[in-house]
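Worksheet: the structure to be examined is printed underneath.
The values are calculated or read from the model by the stated rules, or taken from the named source; none is laboratory data. All of these numbers come straight from a predicted model, not from anything done at the bench. Note: ideal-geometry Cβ built from the backbone for every residue, glycine included; neighbour counts use all protein chains shown. Side chains included, ligands, DNA and RNA excluded: accessible areas come from the protein's heavy atoms. Shrake-Rupley method; radii C 1.70, N 1.55, O 1.52, S 1.80 Å.
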Amino acid sequence: MAENVGLLTQHIQDKIKSNDNKPKLITLGSVGPGTSVYIPSNLTEQIENNRPIPLILSFRGVNGDPKLVGKNLGDPNAVVVTAEANGPRDQNKGSKLLEEQFGGANKINAIISSIMGQLQKKFPDKQIKRGKLIISGFSGGGSVVARAVAERNKIPGGIDGVVINDGLHAKIGSPTLDSIVDYAKEAQKDPSKKFRIIHTAIKPSYTSTTQTSDYILQQLGMKRDPVKDAEAY
């Protein structure tokens with residue numbers, strides 16, 4: 001590579017070098033039909049240092065290719081589970097199958113228990129401890145997240161972060177949506193909890209993600225900052 005090619009090129013080269021030092025995700029296996037499990041390359045170091053292991057459960061919306069999962073989730077120091085419903089494609093467009101197969105605290109607990117069990121087998125002489133739990137959903141995955149949030153008191157250790165990417169279509173004023181509002185209020189008061197929701201301006205025949213986001217903002221006493229010149233992004 002040519003020398004003295006400019007500050008921008010140098011910055012990019014430095015960024016690439018720094019990214020090379022970040023943990024990469026490695027395929028571990030599965031915790032059941034429709035799921036893939038990835039572990040960070042520095043997992044052994046984390047366990048050797050007796051650090052709790054963070055978990056990210058992503059229901060729809062993350063590419064299952066381990067080369068891309070890390071890019072989508074920022075190469076986290078976490079065990080990542082991606083999940084998609086099993087079933088005919090014509091029945092798998094919305095949230096029905098996803099919610100049937102993954103919705104509710106019992107199923108979230110089963111996934112976590114299976115992961116912890118696999119890690120314990122991999123490191124039999126170590127004590128494996130669950131760290132923070134982030135639950136993420138895109139499109140139909142939003143209903144799985146909402147179910148988990150509604151039943152979060154049944155999840156040992158609770159939920160530390162919620163990410164909904166254009167996937168919350170619950171009716172305004174419904175218990176499902178109000179449970180999301182309750183969690184968002186908790187996150188407002190507790191810096192250790194995170195809540196993020198992203199929506200589009202698409203207007204379906206049912207409750208839109210814009211409407212649910214408007215409702216959440218209203219209940220939180222917040223206003224949005226509109227994105228200008230969206231084409232530039």
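The portion of the accessible surface of region 100-233 made up by carbon and sulfur, rounded to a whole percent, is 52 (1.4 Å probe; DNA, RNA and ligands excluded).
Tell me, what is the Rg over Rh of region 86-233, with Rh the Kirkwood radius over Cα pairs? That ratio equals 1.02.
Computed on region 161-216, the Cα convex hull volume stands at 65 Å³ per residue. The peptide list 173-184, 155-166, 115-126, put in order of mean Cβ contacts within 10 Å with the highest first, becomes 155-166, 173-184, 115-126.
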